[in-house]
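The values are calculated or read from the model by the stated rules, or taken from the named source; none is laboratory data. Just so we're clear, the structure is a prediction, and the values are computed from it rather than from any experiment. Every residue, glycine as well, gets a Cβ built from its backbone with ideal geometry; the counts of neighbours run over all protein chains shown. The protein model used for the area step is the full one, side chains on, heavy atoms only, and it has no ligands, DNA or RNA in it. Shrake-Rupley method; radii C 1.70, N 1.55, O 1.52, S 1.80 Å.
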Amino acid sequence: MAEKCTLCWGYGLWAIGDEVPMGPIDFEDGEPNKKCPECGSGRK
Ligand SMILES: [Zn+2]
């Protein structure tokens, strides 16, 4: 993806709690996230 997604910022959304964007540090730490419906980022 060329530009950062405005919904998840490119790192997917938190799987737990509110659907808020995950930051790059948490993403690399392997925190559970879910795919962004907008751009498809996220592992699960
Ligand atoms: Zn996204």
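Put simply, the amide H of Asn33, placed in the peptide plane, has neighbours under 5 Å in Ala15, Arg43, Lys44, leaving out anything fewer than 5 places away on its chain. Each of the peptides 25-31, 5-11 was scored by the mean count of other Cβ atoms within 10 Å over its residues; in descending order, highest first, they stand as 5-11, 25-31.
Working note: Debye formula, equal point scatterers on the alpha-carbon atoms of the chain, no solvent; log10 I(q)/I(0) at q = 0.16, 0.18, 0.33 Å⁻¹ is -0.31, -0.40, -1.26. In the chain, taking the dipole from charged Cβ atoms about the Cα centre, the farthest positive-side position among Gly23, Ser41, Tyr11 is held by Ser41. Carbon-plus-sulfur accessible fraction, the chain (probe radius 1.4 Å, protein heavy atoms only): 54%. Taken about its Cα centre, the chain carries a charge dipole of about 200 debye when Lys and Arg each add +1 at the Cβ and Asp and Glu each add -1 at the Cβ.
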